[in-house]
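Trainee: First, the structure itself, so that you have it in front of you.
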Amino acid sequence: TVVDRFTKAFSRLGTLTGPTRDLDVYLLNRETYVQRLAPTLQPGLLLFFAELERRRQIEQKKLVRVLRAKTTRNVLASWRRTLRSRDRQPAPLAEMPTVEVASRIIRKRFKRVLKDGRALDASTPDPEVHRLRIQCKKLRYAMEFFSALYPRQDMQGLLRHLKKLQDILGSFNDLSVQQEMLRTTMKKVPTGSQRHLEQAAALGGLMQSLYQEQQELRGHFVEAFEQFGDPATTALFLELFQNKQGIS
């Protein structure tokens, strides 16, 4: 189908931006990372950031190459033609009022977030926390896309709770990615040189600092999720997104 075809194409393009973005997060926070360490460890990060600069240039060139490639241009041209086409097949739910379709989608995504969030605890592996983050993104996108169909004040209140949860999960995921990058880098640090020993010590110190912050975020997440999934918020979600709700 059209949806399946373009979902795969745009998902591929989105994935290609990941390495450059992750490296940008590191480089933009360079001074913050340096200040996390004791003064004696700080010089050890210089080699690390020099390597990140080099890797970012490589990844950015790859990204630019793909974005300028004929395959990408063809995908975008095909997408434009599809949007402009008058000969489109009706969607399966084309006869259903938009507000009912929207409510069905949002209710389903909200219940999935509640289910996945309630299954999390202090020992939940990072990939499962990341999956919840993705579910929160899908819920937020759906709510924002259909927001004009519902009372503005109610939507803003619900989105505030969701954004707070998303911010924590986003920071948690960044910390997870950053620690994994540090682990990978440490495995490649040569041995025997004083300079490289200093680099390894600095990377280890930074990993510990990031890990501690990530553990603190787990606690913040529990608090935010309790607010997001409390009886009053849950009742408002289920009431607002009933089939008959919405603004005509």
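The values are calculated or read from the model by the stated rules, or taken from the named source; none is laboratory data. Since this is a predicted model, take the numbers as computed values, not measurements. Cβ coordinates were reconstructed from backbone atoms using ideal geometry, including for glycine residues, and neighbour counts include every protein chain displayed. Side chains are part of the model used for accessible areas, which takes the heavy atoms of the whole protein and leaves out ligands, DNA and RNA. Shrake-Rupley method; radii C 1.70, N 1.55, O 1.52, S 1.80 Å.
Trainee: Between His130 and Arg104, what is the FRET efficiency for a Förster distance of 22 Å, r being their Cβ-Cβ separation, to the nearest 0.05? Don't skip to the answer; put the middle values down first.
Mentor: Details: r = 26 Å, r/R0 = 1.18.
Computed FRET efficiency for His130 and Arg104 comes out at 0.25.
Trainee: Let me ask something else about it. Could you tell me the accessible area of Ser176 in Å² (1.4 Å probe, neighbours in place), rounded to the nearest ten?
Mentor: Estimated to the nearest 10 Å², Ser176 gives 20 Å².
Trainee: Tell me, in nm to one decimal, what length is gained between Ser209 and Phe6 on full extension, where the rule is 0.36 nm per residue of separation less the Cα-Cα distance? List each step's numbers first, then the result.
Mentor: Working: separation 203, 0.36 × 203 = 73.08 nm, distance 4.07 nm.
The Ser209-Phe6 span can extend by a further 69.0 nm.
Trainee: Further question on the same structure: If R0 is 25 Å, what FRET efficiency do you get for Gln242 and Val222 from their C-beta distance, rounded to 0.05?
Mentor: On the way: r = 29 Å, r/R0 = 1.17.
After rounding to 0.05, the efficiency reads 0.30.
Trainee: Here's a follow-up. Rounded to the nearest 0.05, what FRET efficiency do Leu13 and Gln35 give with R0 = 30 Å and r taken as the Cβ-Cβ distance? Could you check? Please list the in-between numbers first.
Mentor: On the way: r = 36 Å, r/R0 = 1.18.
For Leu13 and Gln35, the calculated efficiency is 0.25.
Trainee: Hey, another quick one. Any aspartates and glutamates with Cα under 18 Å of the Lys188 Cα? List them, leaving off those in the same chain fewer than 8 positions away.
Mentor: Glu51, Glu53, Glu180, Glu198
Trainee: A further question follows. Could you give the length gained by full extension between Arg86 and Ser147, i.e. 0.36 nm per residue of separation minus their alpha carbon distance, to one decimal place?
Mentor: 19.3 nm
Trainee: Subtracting the Cα-Cα distance from 0.36 nm times the residue separation, let me have the gained length for Glu53 to Glu95 in nm, one decimal. Kindly include the intermediate steps, with their values, before the conclusion.
Mentor: Working: separation 42, 0.36 × 42 = 15.12 nm, distance 5.32 nm.
Here the segment from Glu53 to Glu95 would lengthen by 9.8 nm.
Trainee: Could you pull the accessible area for Glu180 with a 1.4 Å probe, rounded to 10 Å²?
Mentor: About 90 Å², rounded to the nearest 10.
Trainee: Taking all protein chains as present, what is the carbon and sulfur share of the accessible area of the chain, in % to the nearest whole number, probe 1.4 Å?
Mentor: Working: 8480 of 15780 Å².
Ligands and nucleic acids excluded, carbon and sulfur give 54 percent.
Trainee: Candidates (i) 20.9; (ii) 21.4; (iii) 18.6; which is the computed Kirkwood radius over Cα pairs in Å?
Mentor: (ii)
Trainee: Please check the chain for the longest run free of trypsin sites (Lys or Arg not before Pro) that are loop-located per DSSP (anything but H, G, I, E, B) and have at most 16 other Cβ atoms within 10 Å. Intermediate results must be reported in sequence, preceding the final value.
Mentor: Values: sites that count: Arg86, Arg88, Lys244.
With a cap of 16 other Cβ atoms within 10 Å, the longest stretch comes to 89-243.
Trainee: Would you please state which residues of region 1-29 a label at Thr71 would reach in this model, taking the label point 7 Å out along Cα→Cβ and a backbone N cut-off of under 20 Å?
Mentor: Under 20 Å, as judged by backbone N against the label point of Thr71, lie 1-21 of region 1-29.
Trainee: With unit charges on the beta carbon (Lys/Arg positive, Asp/Glu negative), name the residue among Leu13, Gly44, Val25 whose Cα is farthest towards the positive pole of the charge dipole of region 3-50.
Mentor: Of the candidates, Leu13 comes out farthest on the positive side.
Trainee: Label Leu46 and Ser193 with points 7 Å out from Cα along Cα→Cβ: what is the distance between them in nm?
Mentor: Those two pseudo-labels are separated by 1.3 nm.
Trainee: Hey, what did region 149-248 get for relative contact order, percent, Cα under 8 Å, at least 6 apart?
Mentor: Details: 50 pairs, mean separation 47.2, N = 100.
Result for region 149-248 is 47 percent.
Trainee: Could you compute how much accessible surface Asp121 exposes when probed at 1.4 Å, giving the result in Å² to the nearest 10?
Mentor: The accessible area of Asp121 comes to roughly 90 Å².
Trainee: Provide the per residue accessible area, probe 1.4 Å, for the chain, rounded to a whole number of square angstrom. Don't skip to the answer; put the middle values down first.
Mentor: Values: 15780 Å² over 248 residues.
With the other protein chains kept in place, the chain gives 64 Å² per residue.
Trainee: Mean Kyte-Doolittle of at least -1.0 plus a Cα span of 24 Å or more along the axis: flag which DSSP H helices in the chain meet both, please.
Mentor: Working: long enough: 45-68 (34 Å, -0.20); 98-118 (30 Å, -0.62); 126-145 (29 Å, -0.80); 152-188 (53 Å, -0.74); 194-228 (50 Å, -0.57).
Both cut-offs are met by 45-68, 98-118, 126-145, 152-188, 194-228.
Trainee: Return the single residue from Gln156, Gln194, Gln42 with maximal mean-square fluctuation; model: Gaussian network over the chain, springs between Cα atoms under 10 Å.
Mentor: Highest fluctuation among the options: Gln194.
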